[in-house]
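One structure is given below, encoded as structure tokens.
Nothing in this text is a laboratory measurement; each read-out follows from the coordinates by a stated rule. Owing to the predicted nature of the structure, the values given are computational and were not obtained by experimental measurement. Ideal geometry is used to build each Cβ from the backbone, glycine not excepted, and the neighbour counts take in all protein chains shown.
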Amino acid sequence: MAVMSLMGRLSAGLLLLGILIVWELFSRFIFPHYEASATLILPPPSAGLRDALALLQHGALTEHALASMRRVYVGVAAAAVFAIPLGVVMGLSSLVFRQLGPLLGILRPIPPVAWIPITLLWFGVTDAQQYFIIFIGTFFPMLLNTIAGVHALDPLLQRAALSLGADRPALFEQMLRGALPHICLGVRTSLGLGWFIIVASEMVSASTGLGFLITEARTAMITERLYVGMFAIGLIGFLQDRLLSRLQRRMLPWI
């Protein structure tokens, strides 16, 4: 298994390297014959790497990445604090589910970016505004996954455990353990969604962050910097998901 895993990683790495080599050759030697502004439209990866190293040397890329990461993680953490307990309550209580269902059903389809104009009036161009956008955009995936996790538990098993003498606190603990896979899926989904939201929000209402970096590069027509910002988001998202996957395997070894 270890050998197969290593081979799989090597093949994935070689595939990525092959794509970069083809991209480099195409941008340098083929595309310029058909498009005069080829280096502006599709700069080679080496140009992006040079720009990334220059930004790292001056600390600009790190500053923008940390600003976006802080906003995403604070917003998602705030959403988790409210969404997970509320999801447990709504999953257990049909009365609460019926009462809150219509309100949440109206709020859920509203795109997070639609909140940007009104939150600018509420908070101004501040991190609080960014946190709220992330909060509102990642709240519902965690809420719905938590409700689904609670609903997925077999009520017959719950009644059987109570009839055999299990106390309610112990039963509640076991129910939470059973719902944890769905909750973890909601957190992972929300973190991925958070990066979609923060980039759109930073493009409109921020002076730092990777979304702002991309917008600034577009304004200055530094095309390779556009790709630097995009790949930075992709790399952070990839590493974040791999870390969460490992944590989930450690926390939930039974799945």
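See the values below:
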item: Relative packing of peptides 37-48, 81-92, 113-124 - highest average C-beta neighbours within 10 Å first; result: 81-92, 37-48, 113-124
item: Neighbour-count order for Asp51, Asp127, Asp241, fewest beta carbons within 10 angstrom listed first; result: Asp241, Asp127, Asp51
item: GNM result for the chain, Cα springs below 10 Å: residue of Gln130, Gln57, Gln240 fluctuating most strongly; result: Gln57
item: The chain: relative contact order as a whole-number percent, Cα under 8 Å and 6+ apart; result: 24 percent
item: Options Ile110, Ala12, Ala67, ranked by Cα towards positive dipole end of the chain, top entry (Cβ charges); result: Ala12
item: P(r) of region 44-251 over all Cα-Cα pairs, binned every 5 Å from zero, in whole percent; result: 1, 7, 13, 15, 15, 13, 11, 8, 6, 4, 3, 2, 1, 0, 0
item: Mean Cβ count within 10 Å, highest first, over the residues of peptides 185-198, 222-235; result: 185-198, 222-235
